[in-house]
1. What ranking, highest mean first, results for peptides 237-244, 400-407, 15-22 when packing means the other Cβ atoms within 10 Å averaged over each residue?
2. Decide, for region 369-449, between rounded, prolate and oblate: order the square roots of the alpha carbon gyration tensor eigenvalues as a ≥ b ≥ c, take rounded if a/c falls under 1.5, and otherwise choose prolate if a/b is larger than b/c, else oblate.
3. If the cut-off is a Cα-Cα distance under 12 Å, which aspartates and glutamates reach Lys413, setting aside same-chain residues fewer than 8 apart in sequence?
4. Could you tell me whether region 693-748 comes out rounded, prolate or oblate from its Cα gyration tensor? Rule is a ≥ b ≥ c as square roots of the eigenvalues, rounded for a/c under 1.5, then prolate if a/b exceeds b/c, otherwise oblate.
5. Counting only protein heavy atoms, what percent of the accessible surface of region 290-422 is carbon or sulfur at a 1.4 Å probe?
6. Normalised by the residues of region 686-746, what does the relative contact order come to in percent, with Cα pairs under 8 Å and at least six apart?
7. Quick check: from the Cα gyration tensor, does region 370-508 come out rounded (a/c under 1.5), prolate or oblate?
8. Using a Cα-Cα cut-off of under 18 Å, which lysines could be cross-linked to Lys652, ignoring same-chain neighbours fewer than 8 residues away?
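The values are calculated or read from the model by the stated rules, or taken from the named source; none is laboratory data. Not measured: the values here are computed from a predicted model. Quick reminder, even Gly has a Cβ in these numbers, built from the backbone with ideal geometry, and neighbours come from all protein chains shown. Heads up: the accessible areas ignore ligands, DNA and RNA and are worked out on the full protein's heavy atoms, side chains in. Shrake-Rupley method; radii C 1.70, N 1.55, O 1.52, S 1.80 Å.
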Amino acid sequence: MRSTFDKLARILTMEREQGCPDRVVIGGLGKFLPFWIKEAQSAAQSAELSELVHTIASLLEGYGQQERTSRAQAVAQALQALARAQELCASVAASALEQPLREQSPEPHSPSRPSAASRNAPPPSLEQPVTSLAGVSATYARRLERLNIRTVRDLLFHLPRRYDDYSRLKRIDQLRYGEEVTLVGTVWDTKTRQARNGLHITTCIVADRSGTIEVTWFNQPYLASRLRPGREIVLSGRVEEYLGRLTFQSPTWEPLEREQLHTGRLVPVYPLTEGISDRWLRRLIKTTLDGYVSQVADPLPAALRSQEGLLDLAAALRAVHFPRNQAEIDQARRRLCFEEFLLVQLGVLRKRHAWRSRSGRPAPPSPAVEQFFAGLPFRLTAAQERSWQQISADLAKATPMSRLLQGDVGSGKTVVAVAAMLQVVASGQQAALMAPTEILAAQHFDTICRLIDELTLARGGGREEPVRVALLTGSLRAREKAEIREAIAAGELDIVVGTHALIQEGVQFRQLGLVIVDEQHRFGVQQRASLRQKGDSEVVPHLLVMTATPIPRTLALTIYGDLDLSVIDELPPNRQRVITHLIAPRERERAYQFVRAQVEKGHQAFIICPLIEETDKMEAKAATEEYERLQEEVFPDLRLALLHGRMKADEKDAVIGAFRNGEYDILVSTAVVEVGIDVPNATVMLIEGANRFGLAQLHQFRGRVGRGEAQSYCLLISDSSAQEAMDRLAIVAKTHDGFALAEEDLRLRGPGEFFGTRQSGLPDLKVATLSDGRILEDARRVARTLFESDPDLAQPAHAALRERVLSFWSEEAEPN
């Protein structure tokens, strides 16, 4: 019933906005009104509604013959009557909804008693499966599960990825080619025909008071029965042109009498999957929102929302799904971003507090470290010295260190890490360094052994013995692993370098004093925690996280908010800058000639294959095909090797070792060379499809060369000539500051793509991006205040927030 009054209210509103010309509907109000009166009277559900229909009919009688001033008065009065009718309809609808509830739950004085089943039935829950919703069959539920939608709550928090702006309402005579617009019109004629190729083409003529336009849909023959002549519809889409005439092709449409979800507004566009249409999902979310959003508990206390100027959660969900304007989107998004950042910050503060409240084993400064520094063929940079002093001071405390050592490629983090291990080992404890790949673990092992080759430590009885170092990786034979594990447990090894094998069962340290995790974002927080637990259960080891990926401040605050930060932000003075050139696709042959020239000078080169995102298998196949093409067609006389992620660890190690030893001239590889390969003789890094990689990742590739004395080069070949792609790559060519590139990369691509894969240990952020720095700072400020006053969130006002924090960090509800 209400839709009948809504339809006339829309028409009269448009009529008033246009100066009451009586041309909003074809033929004028006089032609439309009899049909409306008949429909309204048949649907009227009360005497008052019937009277209102009669009043509206009287006000608009003879509308077309009146002066415009009289029409305006009639429209104003009719709209007042319609508003009252809409209120009555809403009241009737609410009563209809409440009636079943009253029947299920009689008033106390009612003689009837509810059944046992109705007494025990739980109220509708947000945790109900989506199959409990009308229109969601088991088949649709399986499709929704592919979108990680299993419950009603999941559906409410399945947020739009963008919006189509169909809010601009225009007349047909105002349309311009290429615009995204909405128009209201009446169907004049609809026909469907089948083309020779079997394609069904539905053509509809739609008219408003200013003209007509042809609208076409393809392979939707059922539309002919829905778009009947005389039906008023709303169309939204892009204005196209065909044979000199403006047209619409496959626009979104809705009947005028409905509330507009798909047209005439900012229309939400959701992530979809096969078998789920945008219209179906949009309608399902709207009905679910109307029925369930009031049950969503708001974890943010009312006082906090008021203080920070935030919407309540229910209002934010309504606004983010079906906003009336951009301002509503911004308000809703700010609220949802703030909550996510607050949950992250409270989680990392809890971890930091839990870590610092446990006992550590101090490792005082040692002469062995000074001896180590004195034996180096170079002096530490000021940034290395500053970072070392911070780390050394932490190691000397009984409070366990929890620190991030961040430095660009080639900045000298390893030397600082070795010094930290020596300070711990000199105090009688053990140190462990975990790397993400066997290649990187082996290189760390080789570097450590080379740096401390002549170094000895005083043992019991005044004996001077060398530092005992071992490498533990998954590719070792079972017997070798067992021997190393026994030596670790007996305290016969001082430093153990390894991969994930270090956190497997059976590895137990006698007295683990320091854990170093390299390239932390490739592990995940749980693995980091597992390595901490390999020592004494009563005393936790110091923790140092290293990364060569320059991490922007907002990202560091979020992912590593539980760690103190040391930054090595300068390169050693003897480190050469890699010359970077941007190569257009048509100039690829020139790049190949440059590679050949460098090889002829006795150097080596890397060629990185384009990134293929679908699967490792496809990426490996593409790399193999590129390798074969280069070997057969481009460099038939040179020695090429291939490296990709599907190779076994020992195969990768063999290829890397042979390349480092000069057995190959060119290494063709996927992105597995991003970290960990140190070949001083390599002077060229050629990156195919460079536009597919992030700026920070390109900078990491560039860091694989320039490690020897010869001048090195990085060649970026784009497989797109688009100006945007070339502009992005130009940033890399001009900028050698990894931190500046990381900030730009984060701004352009967001945190998930920044790391390539979501292995940061950070809970999933549905709304916030780490470029929302201001909101993050606000959330950090509030989190600190909350944590200082109520660290366990034990106050009654914080109960819902505590529950949400534990849920958000579900895998890490209790800090390790």
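1. My ranking of the peptides, most packed first, is 400-407, 15-22, 237-244.
2. Working: a/c = 1.33, a/b = 1.12, b/c = 1.18.
Because its axes are fairly even, with a/c under 1.5, region 369-449 counts as rounded.
3. Glu385, Asp518, Glu519, Asp569, Glu570
4. Oblate shape, in that a/c is at least 1.5 and b/c is the bigger or equal ratio.
5. Whole-percent figure for carbon plus sulfur exposure: 51.
6. On the way: 60 pairs, mean separation 28.6, N = 61.
Relative contact order, region 686-746: 47 percent.
7. prolate
8. Partners within reach: Lys617, Lys621.
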